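Here's the structure, in structure tokens; my notes come after.
The values are calculated or read from the model by the stated rules, or taken from the named source; none is laboratory data. These figures come from a predicted structure and were not determined experimentally. Here the Cβ positions follow ideal geometry from the backbone for every residue, glycine too, while neighbour counts run over all protein chains shown. The accessibility values were calculated without ligands, DNA or RNA, using every heavy atom of the protein model including side chains. Shrake-Rupley method; radii C 1.70, N 1.55, O 1.52, S 1.80 Å.
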Amino acid sequence: MKLATLKDGSRDGQLVVVSRDLTLAHYATGIASRLQQVLDDWGFMSPQLQDLYDALNHGRARHAFPFDPAQCMAPLPRAYQWADGSAYLNHVELVRQARNAEVPESFYTDPLMYQGGSDDFLGPVDDVIVPSEAMGIDFEAEIAVVTGDVKMGSTPDQALDGIRLVMLANDVSLRNLIPAELAKGFGFFQSKPATAFSPVAVTLDELGEAWQDGRVHLALQSSWNGRKVGLCDAGPEMTFHFGQLIAHIAKTRNVRAGSIVGSGTVSNKGVEKNGRMEWPKGYSCIAEKRCIETIQDGAPATDFMKFGDTIRIEMKGLDGRSLFGAIDQEIVSTAGRPVEAPVSLTKPQAGTDTGTAPEPAAEG
């Protein structure tokens, strides 16, 4: 089934069930008003939501209405925990290679994770509001799972049984703040603002054969300012699957229902072509593109995001349809969107100098 949370003026929104094709929704009020309620009592509530989902897909839901992602909060608008991994070690390898550093051996056996803020998530089309372009604004296209209760000391296989839902994430990063924060030896903080999630979260059965061994074997598409920059395969190159990531968290504590665990930037290895390394599947964050440029040409050439830039992140199923809906956001200053000057409709008088021609817009 597919679940979403609509904005209603409250902190936690209103839970709805969404049709498989993402065209219709139905309030889940008679079952639960918030997604956290469902996660806390999954065994009792999820079968009821499944019945509503089946009715919605077969045209039997009496009060269905058009589904609008613009009205969505994050599926779980605030969570008890948001822990993000770096499960695609190719991403780490590129970053290290770009600065001529080796990847520590422990990175291949022990997942790298950080704990982010979980009190203020963004909806799928909410603006990404940033104080300054100088902070190095970057998107990160990821996959995330929502858990039920997972006991301390659970094995990776046991942890997989605790996964309830899957969704997409844009783990926004402020790259120019990261080095100083990491230099303190205590991890990310200000460099990781609010994360955005896809319009809907889906149960594992919605993924069908694409869900294998704790991984989603589908392509994750990233489009920056309308240009496709990444179509990365999320499956085979995920070094640590979600069960391993969750078990890593649960090594010394319980993981409670309503925890969100991210995959980290989806990343694919390059291929050698005519004696030069190329990355035909593109990239899922700008930092990785800059590392690729450094490896290829000695220095990065791509700037980070500017105010007014857009990012769209989406994944399509084996049937070619959007699985989670799209994250579709604009980068906006804390000062707000710029106000366009009014256009004068007065025609210039004959013989009036209308000024020099405008400069052509820069390409790219």
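Taking all protein chains in place and a 1.4 Å probe, what share, in percent, of the accessible surface of segment 150-257 do carbon and sulfur account for?
51
Of 232, 252, 45, whose Cα points farthest to the positive end of the dipole of the chain (charges on the beta-carbon: +1 Lys, Arg; -1 Asp, Glu; origin at the Cα centre)?
45
Give, rounded to the nearest 20 debye, the magnitude of the charge dipole that segment 68-160 has about its Cα centre when Lys and Arg contribute +1 at Cβ and Asp and Glu contribute -1 at Cβ.
220
Rounded to whole Å and sorted largest first, list the principal axis extents of the Cα atoms in segment 76-153.
On the principal axes, segment 76-153 reaches 42, 38, 16 Å in Cα extent.
Would you mind getting the accessible area per residue of segment 136-258, heavy atoms of the protein chains only, 1.4 Å probe, in Å²?
Result: 40 Å² per residue.
Could you state the accessible area per residue of segment 1-54 in Å², with a 1.4 Å probe and every protein chain left in place?
Using a 1.4 Å probe on heavy atoms only, each residue of segment 1-54 averages 43 Å².
Report the accessible area of residue 310, computed with a 1.4 Å probe over the heavy atoms of all protein chains in place, in Å² rounded to the nearest 10.
In the full protein context, residue 310 sits at about 50 Å².
Using a 7 Å offset from the Cα along the Cα-to-Cβ direction at both residue 204 and residue 335, what is the distance between the two label points in nm, to one decimal?
Spacing of the two 7 Å Cα→Cβ label points: 5.0 nm.
Taking only DSSP H segments of four or more residues, each worth -39500 (n - 2.57), what value at 222 nm results for the chain once the sum is divided by all its residues, to the nearest 500 deg cm²/dmol?
Working: 7 runs with 63 residues, N = 364.
Value at 222 nm, helices only, nearest 500: -5000 deg cm²/dmol.
Looking at (i) 22.1, 83; (ii) 20.7, 63; (iii) 23.0, 71, which value of Rg and Dmax of the Cα atoms in Å comes from a calculation on the structure shown?
(i)
Could you sort 33, 154 by their accessible area in this structure, using a 1.4 Å probe and putting the largest first?
Working: 33 40, 154 20 Å².
Output order, biggest surface exposure first: 33, 154.
Cross-link candidates for residue 306: which lysines have Cα within less than 20 Å, leaving aside residues fewer than 8 places away along the same chain?
192, 228, 289
Give the distance, in whole Å, between the Cα centre of segment 29-59 and the Cα centre of segment 164-223.
25
What shape does segment 246-348 take by its C-alpha gyration tensor, where a ≥ b ≥ c are the square roots of the eigenvalues and a/c under 1.5 counts as rounded, a/b above b/c as prolate, and the rest as oblate? Please report the intermediate quantities before stating the final value.
Working: a/c = 2.04, a/b = 1.31, b/c = 1.56.
It comes out oblate by the Cα gyration axes.
How much accessible area does residue 334 have with a 1.4 Å probe, in Å² rounded to the nearest 10?
90
Hey, what did the chain get for relative contact order, percent, Cα under 8 Å, at least 6 apart?
21
Ordered by packing density, taken as the mean number of other Cβ atoms within 10 Å over each peptide's residues, highest first, how do 162-168, 103-109 rank?
The packing order, highest mean first, is 162-168, 103-109.
I'd like the carbon and sulfur percentage of the solvent accessible area for segment 1-123, probe radius 1.4 Å, heavy atoms only, ligands and nucleic acids excluded.
48
Between residue 158 and residue 8, with labels modelled 7 Å along Cα→Cβ, what's the label distance in nm to one decimal, could you check?
3.7
Would you please classify the overall shape of segment 10-121 from the alpha carbon gyration tensor, given that a ≥ b ≥ c denote the square roots of the eigenvalues, rounded means a/c under 1.5, and beyond that prolate means a/b larger than b/c while oblate covers the rest?
prolate
Extending each Cα 7 Å along its Cβ direction at residue 110 and residue 254, get the distance between those two points in nm, one decimal.
Modelled inter-label distance: 2.6 nm.
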